[in-house]
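Structure first, commentary second.
Where a number appears in this text, it was derived from the coordinates with a stated rule and is not lab data. This one's a predicted model, so the numbers in the text were calculated from it and none came from an experiment. Neighbour counts are summed over all protein chains in view; Cβ atoms, including those assigned to glycine, are modelled from backbone coordinates with ideal geometry.
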Amino acid sequence: MLEKHSNDASPILEIRNLKTHFFLEDHVLRALDGVNLTLARKSTLGLVGESGCGKSVMAMSVMRLIQSPPGKIVEGEINLHRKSTGEVIDIAKIDPLGPIMRDIRGGEIAIVFQEPMMSLNPLYTIGNQIAEVVEIHQKVGHKQALDRAYEMLTKVQISAPKQRLHEYPHQLSGGMRQRVMIALALSCNPSILIADEPTTALDVTVQSQILDLMNELQSDFDTSIIIITHNLGVVSQMADHVAVMYLGKIVEFAETRELFHNPLHPYTEGLLNSVPVLGRKAKALVPIKGMVPTPTDVIPGCAFAPRCPHAMAICHEQQPPLREVHPGHQTACWLYEDA
Ligand SMILES: Nc1ncnc2c1ncn2[C@@H]1O[C@H](COP(=O)(O)OP(=O)(O)OP(=O)(O)O)[C@@H](O)[C@H]1O
Ligand code: SF4
Ligand SMILES: [Mg+2]
């Protein structure tokens, strides 16, 4: 298991009690139901949880890209420590279509998706797409922006970068497109890069190259990374800290090594026991029973109670708060009430 340590623990992003709901025809879907999470400067945070837990909605909420209607941030704060001015701004409160958010999106926080074709325009050359973003955010001319595009393609170690500038997305392989996406995302030196399942669609060798590249670029650019993935191996390789999400809430947060060796929340334990994880003692693999329910009802107690092997009476009645059980290790579970 690779160990990385951030040398600057001051926060760059602080999410407080964030609630993003979708107002559908006959019900409200509570995709985020009070997320609390801090991202440290120049560090990598792994965000894990089963499908439907709210990981992508969290990423899209931070980018203010939630489609409205039906989606809406109904409560909470997303406090960004801005690199340009040093001020703290609550992104949850600003106009998603206004100039401040346009400046932040791409300029200070960038996102890479699983499928690069979602973000790349098939009608424009790679060079022009990167240059356009640079022109908007860095207020430079086209020639200078194209030079930057070339520099970025070189940095992401794409073969024949000069030639790629003039090529279209469909002419590149999946791995190369993902490199272009990373080049595009980092072209304006954002302080935060959110990578939502960035390597899931790639084969294992290319996946590992892309992860190595992200690690290298992080130290070059001093970027903080949020990596969202189903793959706990990726998290152990990349992340300084891990946050475990269940039904729109963070249920555990710790340094990566601590989380893998000393998981506290029964859900985290279930996740770790359901897949083989490099560096953890081999145990019989046991899937977590049941499925993530659709978050439509207000649940009075712990949302994991119906699936939890340790559920007690209180678990069905009151929500456990997320709190620090050991230094730097937080969990939301009544088992640790007296800790
Ligand atoms: N545009 C939308 N309209 C309605 N519901 C949505 C929308 N986007 C997401 N949801 C719902 O929000 C919940 C969280 O979805 P999200 O995509 O964040 O899960 P995820 O953790 O990213 O899952 P996966 O691992 O499969 O990517 C799910 O119940 C999903 O159906
Ligand atoms: S609070 Fe109760 S139900 Fe929830 S994870 Fe802890 S023990 Fe299980
Ligand atoms: Mg997702």
Name the lysines eligible as straight-distance cross-link partners of LYS83: C-alpha to C-alpha under 19 Å, and not fewer than 8 places from it in the same chain. LYS42, LYS93, LYS139
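Normalise the Cα radius of gyration of the range 25-77 by 2.2 N^0.38 Å (N = residues in it) and let me know the number. List each step's numbers first, then the result.
On the way: Rg = 12.5 Å, N = 53, 2.2 N^0.38 = 9.9 Å.
In units of the 2.2 N^0.38 Å rule of thumb, it is 1.25.
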Which Cα, out of PRO263, THR125, THR85, lies furthest along the positive dipole direction of the chain (beta carbon charges, K/R +1, D/E -1)? THR125
Based on alpha-carbon positions alone, could you give the equivalent ellipsoid semi-axes of the chain from the gyration tensor, as √(5λ), descending, whole Å? 35, 23, 18
Provide the packing ranking of 289-300, 94-105, 241-252, i.e. peptides ordered by the mean count of other C-beta atoms within 10 Å per residue, highest first. 241-252, 94-105, 289-300
Suppose every K and R has +1 on its Cβ and every D and E has -1 on its Cβ; what is the size of the dipole of the chain about the Cα centre, in Debye to the nearest 20? 500
Please name which of HIS241, PRO287, GLY328 has its Cα lying farthest along the dipole of the range 209-339 towards the positive end, using unit charges on Cβ (Lys, Arg +1; Asp, Glu -1) and the Cα centre as origin. PRO287
Along the charge dipole of the chain, pointing to its positive end and built from +1/-1 on Cβ of Lys, Arg, Asp and Glu, which listed residue (GLN138, GLY76, PRO161) has its Cα farthest out? PRO161
In whole angstrom, how far apart do the alpha carbon centroids of the range 202-243 and the range 105-163 sit? 20
Report the gain in length on full extension from SER51 to VAL275: 0.36 nm times residue separation, minus Cα-Cα distance, nm rounded to one decimal. 79.2 nm
Amide proton proximity set for ILE94, modelled H, under 5 Å, gap of 5+: none
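If you place +1 on the Cβ of every Lys and Arg and -1 on the Cβ of every Asp and Glu, how big does the dipole about the Cα centre of the range 120-189 come out, in debye to the nearest 20? Working shown, then result.
Details: 8 positive and 5 negative charges, 25 e Å.
Using only the charged Cβ atoms, the result is roughly 120 debye.
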Report, in deg cm²/dmol and to the nearest 500, the calculated mean residue ellipticity at 222 nm for the chain, where each DSSP H run with n ≥ 4 adds -39500 (n - 2.57) and the sum is divided by the residue count. -9000 deg cm²/dmol
Descending packing, highest mean Cβ count within 10 Å first, for 325-335, 258-268, 177-187 is 177-187, 258-268, 325-335
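Work out the P(r) tail for the range 120-189: percent of alpha carbon pairs separated by more than 14 Å, whole number. Please report the intermediate quantities before stating the final value.
Working: 1180 of 2415 pairs.
Considering the range 120-189, 49 percent of its Cα-Cα pairs are separated by more than 14 Å.
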